[in-house]
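The values are calculated or read from the model by the stated rules, or taken from the named source; none is laboratory data. This one's a predicted model, so the numbers in the text were calculated from it and none came from an experiment. Counting neighbours? That spans all protein chains shown, and the Cβs are built from the backbone with ideal geometry, glycine included.
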Amino acid sequence: LAKTTQPISMDSYEGQEVNITCSHNNIATNDYITWYQQFPSQGPRFIIQGYKTKVTNEVASLFIPADRKSSTLSLPRVSLSDTAVYYCLVGTGDYKLSFGAGTTVTVRA
Amino acid sequence: DTAVSQTPKYLVTQMGNDKSIKCEQNLGHDTMYWYKQDSKKFLKIMFSYNNKELIINETVPNRFSPKSPDKAHLNLHINSLELGDSAVYFCASSQGLQGGTEAFFGQGTRLTVV
């Protein structure tokens, strides 16, 4: 499973766009990139998943460059309720979702 | 309806006791997982089951024994509880093996061993 590296923490203000970059230099051809969000005292929640280029849903966008060695989760116009830990995962769905340390995003008023 | 439900939500027990945590999913998924999240917030896979069959056992002590009576349930039994077992345990489920699997997590069981 490709190892991922992401910033430990990020601070932002309400209404701003937050971009979290994840490095996965050893990503394999079959690996997908998936992001999860975890609020305190809750289980992780799927946000978005992609293989290449750009994926967008109602919550976030995921940008993946051509070499796929990194990816960027973009949260548009964050609010206080977006304060959470964000995890970047890379894998093929081989029965093992390996979570890294995650990025703690704190949104301030 | 809660997709993945765990019981109990909180569990406080003494060292040496045996306890169980139950997990049920109503999503029709064929794969279920147990994760442990320690005080440093690292989420570590413990077990995964596919169609009631154990697929992954990640260097978990023998005191931890998962049981899957059917595809919708994956229970975790812990014998001789130790202080280091204190953590939040999450159950999750997903469907299939397609590249990049979306997993659904339960709310977690906070286990405190005193």
TODO: Tell me the strands (runs of 3 or more DSSP E) entirely within region B:1-52 that contain at least 2 residues that are charged (D, E, K, R).
DONE: B:19-25
Open item on the list: Restricting to region A:9-27, count the residues that are surrounded by fewer than 13 Cβ atoms within 10 Å (Cβ to Cβ) and either at pLDDT below 95 or over 23 Å from residue A:76 (Cβ atoms) (or both).
Closed with: 2
Task: Hits in region B:83-96 (condition: outside any strand (DSSP E or B) and more than 11 Å from chain A (Cβ to nearest Cβ)) - done: B:83, B:84, B:85, B:86
Task: residue A:77 more than 12 Å from chain B (Cβ to nearest Cβ), assigned to a loop (DSSP other than H, G, I, E, B), over 10 Å from the mean Cα position of the chain (by Cα) and surrounded by fewer than 17 Cβ atoms within 10 Å (Cβ to Cβ) - done: yes
Task: Filtered residue count, region B:8-22, keeping only those that are out of contact with any Ser or Thr (no Cβ under 7 Å at 6 or more places or on another chain) and either on the phi > 0 side of the Ramachandran plot or crowded, with 16+ Cβ neighbours inside 10 Å (or both) - done: 1
TODO: Would you mind telling me which numbered condition in (1) outside any loop (DSSP other than H, G, I, E, B); (2) farther than 23 Å from residue B:43 by Cα; (3) within 11 Å of chain B (Cβ to nearest Cβ) residue A:36 fails?
DONE: (2)
TODO: Residues being part of a loop (DSSP other than H, G, I, E, B) and closer than 12 Å to residue B:32 by Cα: count how many of those fall in region B:65-82.
DONE: 2
